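Working notes, structure below.
Just so it is clear, none of the values below were taken in a lab; they were calculated from the coordinates. From a predicted model like this one, the values you see are computed outputs, not experimental measurements. Ideal geometry is used to build each Cβ from the backbone, glycine not excepted, and the neighbour counts take in all protein chains shown.
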Amino acid sequence: MLFDALSIFRWGRRKPQEQPLRAPATPPEEPLAPPSTAERRRAPRRWGDPVQLLLWDGVAGVEPFRGWIVNRSPGGLGISTAQPVAAGTVFQVRVAIAPDSVPWTTVTVRGCYPLTGRWILSCEFVQVPSKEILLLFR
């Protein structure tokens, strides 16, 4: 008995009895943690080469101003502009090099935040344009 007590003292605890193997637990159907609230998009955005864009508020006699598409998704555009725009503003947009026969696309500004001396507008399509128009925004 003394030998067992000394060996435990010297070498630490006794080796635990081996437990029988259990079947692996089935993964839960729903994730344990809720998804992050940082990204609320329905579709992933795609970053690419900037595309010059014209933005027009629809007022006759007012010239469109220029912006750049910095990211795009099936549901909208990320547009870089020189001035801030209030959320909820509705614009007509069109690629700057598109011919006049190309129709304007309506977007709603969902958010506006500063980034390196410019403003990034998070815009959502009011109605998703045709595939031909979407290709122009690429």
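Out of 83, 92, one residue alone is in a loop (DSSP other than H, G, I, E, B) and under 23 Å from residue 62 (Cβ atoms). It is 83.
Each row is one residue, and each column tells you yes or no for (1) without any contact (Cβ under 8 Å) to a residue 24 or more places away in the chain; (2) surrounded by fewer than 18 Cβ atoms within 10 Å (Cβ to Cβ); (3) under 21 Å from the mean Cα position of the chain (by Cα).
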position: 98; (1), (2), (3): no, yes, no
position: 104; (1), (2), (3): no, yes, no
position: 121; (1), (2), (3): no, no, yes
position: 124; (1), (2), (3): no, yes, yes
position: 135; (1), (2), (3): yes, yes, yes
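Could you grab me the full set of residues in region 95-126 that are assigned to a loop (DSSP other than H, G, I, E, B) and among the aliphatic types (A, V, I, L, M)? Full working, then the answer.
Within region 95-126, the subset assigned to a loop (DSSP other than H, G, I, E, B) is 96-104, 116-117, 126.
Hits for region 95-126 are 96, 97, 98, 102, 126.
Based on what the data block shows, is residue 85 touching a Leu at 6+ places or on another chain (Cβ under 6 Å), surrounded by 14 or more Cβ atoms within 10 Å (Cβ to Cβ) and within 10 Å of residue 121 (Cα to Cα)? Please lay out each step first, then the result.
Working: touching a Leu at 6+ places or on another chain (Cβ under 6 Å): yes; surrounded by 14 or more Cβ atoms within 10 Å (Cβ to Cβ): yes; within 10 Å of residue 121 (Cα to Cα): yes.
Spelling it out, residue 85 is indeed touching a Leu at 6+ places or on another chain (Cβ under 6 Å), surrounded by 14 or more Cβ atoms within 10 Å (Cβ to Cβ) and within 10 Å of residue 121 (Cα to Cα).
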